[in-house]
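Written below as structure tokens is the structure these notes are about.
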Amino acid sequence: MSEKLSKILTDEQIEKMTFKEIIEAIEEIKKALYSNEVEVEMQLELYSKAIKLISKGREKLAYIKSEKERIDAEYESFVKKLEESES
């Protein structure tokens, strides 16, 4: 499974993954690394993929956070205008 996971996950595919898919892939890599059945060379490949996945996941979380903040600001502005119009 670990060799398959390493070959399947190209950089282009990682770019297109959802946050949930990223977490699932990291979990699969974690299982493979802790299994002690993976050769050292494959462990290094999997570790590299995990770092790329973690980086992409953090990037997605940062985007989600900024979008939430933008939406919250729009809502606060809407509520403020609503309150002002009712006064």
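Taken together, the values in this text are just the output of simple stated rules run on the coordinates, not laboratory data. Quantities reported herein were computed from a predicted structural model and do not represent experimental measurements. Cβ sites come from the backbone with ideal geometry, for glycine too, and all protein chains shown count toward neighbours.
Each label was represented as a point 7 Å from its Cα along the Cα-to-Cβ direction; for A73 and Q43 these points are 4.7 nm apart.
Residues of the chain were split at every exposed loop site, defined as GluC sites (Glu not before Pro) in a DSSP loop with at most 12 other C-beta atoms within 10 angstrom, and the longest piece left, sites excluded, is 40-87.
At 37 °C and a viscosity of 0.692 mPa s, what translational diffusion coefficient does Stokes-Einstein give for segment 2-86, taking Rh as the Kirkwood radius over Cα pairs? Give it in µm²/s as a whole number. So the translational diffusion coefficient is about 217 µm²/s. Spin-label pair E12-E84: with each label point 7 Å from Cα along the Cα-Cβ axis, the two points sit 5.0 nm from one another.
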